[in-house]
Amino acid sequence: MAKTIEEINQKIKDGTAVVLNAEEIIDYVEEKGVKAAAEKVDVVTTATFSPMCSSGAFINFGHSDPPIRIQKAWLNDVPAYAGLAAVDVYIGASEQSESEGINYGGAHVMEDLISGKAVRLRAISRGTDCYPRKELETFITKDTINQAYLYNPRNAYQNYEVATNSSNRTLYTYMGKLLPRLGNATFATSGQLSPLLNDPFYRTIGIGTRIFLGGAQGYVSWAGTQHNPHMERLPNGTTVGGAGTIAVTGNLKEMSNRYIRAAIFQKYGVSMFVGIGIPIPVIDEEMVEFLKVRDEDIQVEIIDYSVQRRNKPSYGKVNYGQLRSGKIKINNKIVQTGPISSYARAIEIAELLKEWIMSGKFYLARKVQSLPSEDEYRSLEILSREEL
């Protein structure tokens with residue numbers, strides 16, 4: 001019999017909810033069966049901890065005396081976008097310091113704020129009658145500013161490709177260092193723990209879903225940029241390509257630098273590891289069929305990053321079980337694999353979210369609007385000059 005979000009929340013309130021993480025549900029279903037899992041288990045926690053470049057934060061500093069309408073701003077010498085209002089800015093995770101370049105960026109600023117460190121604010125303005133100040137230089141902390149909240153336009157890709165390199169030179173990419181002549185292959189996402197792979201048709205994950213974000217409670221605020229569910233799917237519903245993404249938001253002041261970490265990709269740029277955990281309500285047997293997915297059931301394409309075109313050649317597909325074994329075969333060559341995301345930290349997040357739910361600190365939120373589905377969406381790609 002189907003369960004509602006309200007019924008599950010009542011169980012959480014009563015302290016009777018049965019919660020498993022996405023790894024545990026696999027063995028539970030194998031031992032007890034789908035029907036028993038649907039009846040007994042109420043929530044399955046999923047998680048990922050991976051670099052997510054399309055992340056950033058809105059910050060409101062509060063007004064100076066005399067007041068200023070900021071037109072250009074820097075936080076620890078990292079440019080922030082100030083075209084919003086008098087003292088609002090948005091800082092992107094991948095923005096680089098004007099003095100330190102790749103060694104420090106927007107992600108480091110956010111991690112410093114979360115850690116309670118002082119961050120230097122420098123701002124300039126042309127001055128107006130109501131905002132006469134033209135320059136401002138001070139230090140801020142998360143306790144002295146009005147608001148600081150994470151707003152990430154594209155997080156938690158449903159799936160992602162494996163990156164490799166057939167050329168004769170080393171490549172430095174957002175998928176890490178790729179050695180020449182198929183010397184290695186890197187992959188992202190947490191596979192069987194990944195949120196959107198456990199709810200492949202977005203039955204329960206949508207706008208308004210309450211989530212774990214960076215160590216605090218947050219929300220899915222919209223479909224993520226480049227959300228494209230119209231991609232190849234296996235019979236179990238999982239996508240082979242990136243497919244779905246989500247935009248997320250949460251209070252930066254409440255987050256932990258264990259789950260928001262700045263990252264530097266050698267000779268590429270700055271990124272930010274973001275910890276996301278999403279609880280999936282076990283509403284019926286169909287949901288269990290999706291939740292029992294294993295690494296071996298999820299496939300991903302191997303892409304050659306040495307071809308600098310939008311449509312890169314593929315070396316076929318592998319599953320996450322093969323990737324996590326440490327070796328795969330490409331063109332009859334044994335190639336070492338390595339993740340750029342942390343499965344161990346994802347398990348930690350799934351377990352922490354599980355504890356929050358079981359202790360009554362976290363309740364499920366019904367989505368207020370579904371993410372665009374496969375039938376509703378077609379991706380629009382930027383055309384090259386030759387194609388226009």
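Every number in this text was worked out from the coordinates using simple rules, so none of it is lab data. Just so you know, these numbers come straight off a predicted model, no measurement behind them. Cβ coordinates were reconstructed from backbone atoms using ideal geometry, including for glycine residues, and neighbour counts include every protein chain displayed.
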Task: Relative packing of 12-25, 313-326, which averages over residues the other C-beta atoms within 10 Å, highest first - done: 12-25, 313-326
Task: the chain, relative contact order in percent, only Cα pairs under 8 angstrom and at least six apart counted - done: 24
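At 20 °C and 1.002 mPa s, grab the translational diffusion coefficient of region 198-350 from Stokes-Einstein with a Kirkwood Rh over Cα pairs, rounded to a whole number in µm² per second.
On the way: Rh = 17.7 Å.
So the translational diffusion coefficient is about 121 µm²/s.
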Task: Efficiency of FRET between residue 234 and residue 368 - r from beta-carbon atoms, R0 30 angstrom, step 0.05 - done: 0.50
Open item on the list: Let me see the P(r) profile for region 95-166: every Cα-Cα distance counted, bins of 10 Å, each bin given as a percent of all pairs.
Closed with: 14, 31, 32, 14, 7, 2, 0
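So for 49, 201, fewest C-beta neighbours within 10 Å to most, what's the order?
Values: 49 25, 201 17.
The most exposed by this proxy come first: 201, 49.
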- [ ] Using only Cα atoms, locate the centre of region 347-377 and the centre of region 237-297, then give the distance between them in Å, rounded to an integer.
- [x] 11
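Give me the extension gain from residue 296 to residue 39: residue separation times 0.36 nm, minus the current Cα-Cα distance, reported in nm with one decimal.
The span from residue 296 to residue 39 would gain 89.9 nm if fully extended.
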Task: Too-long pairs where the Cα-Cα distance tops 23 Å, listed order kept, from 253/367; 3/367; 292/361; 177/333; 177/317 - done: 253/367; 292/361
Task: Whole-number D in µm² s⁻¹ for region 1-81, Kirkwood Cα-pair radius fed into Stokes-Einstein, 25 °C, 0.890 mPa s - done: 139
TODO: For n ≥ 4 DSSP H runs only, could you compute -39500 (n - 2.57) per run for the chain, divide by its residues and tell me the 222 nm figure to the nearest 500?
DONE: -4500 deg cm²/dmol
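Quick check for me: using +1 on Lys/Arg Cβ and -1 on Asp/Glu Cβ, what's the dipole size of region 62-145 about its Cα centre, in debye to the nearest 20?
On the way: 9 positive and 12 negative charges, 47 e Å.
Taking the Cα centre of region 62-145 as origin, the dipole is about 220 debye.
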Task: Distance between modelled label sites at residue 143 and residue 18, nm, 7 Å Cα→Cβ extension - done: 4.6
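I'd like the projected area of the chain, averaged over all directions, using the convex hull of its alpha carbons. Report it in nm² with one decimal.
Numbers: hull surface 87.6 nm².
Mean shadow area of the hull around the Cα atoms is 21.9 nm².
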TODO: Treat region 155-247 as a sphere of radius equal to its Kirkwood radius over Cα pairs and apply Stokes-Einstein at 25 °C in a medium of 0.890 mPa s; give the translational diffusion coefficient in µm²/s, rounded to a whole number.
DONE: 167
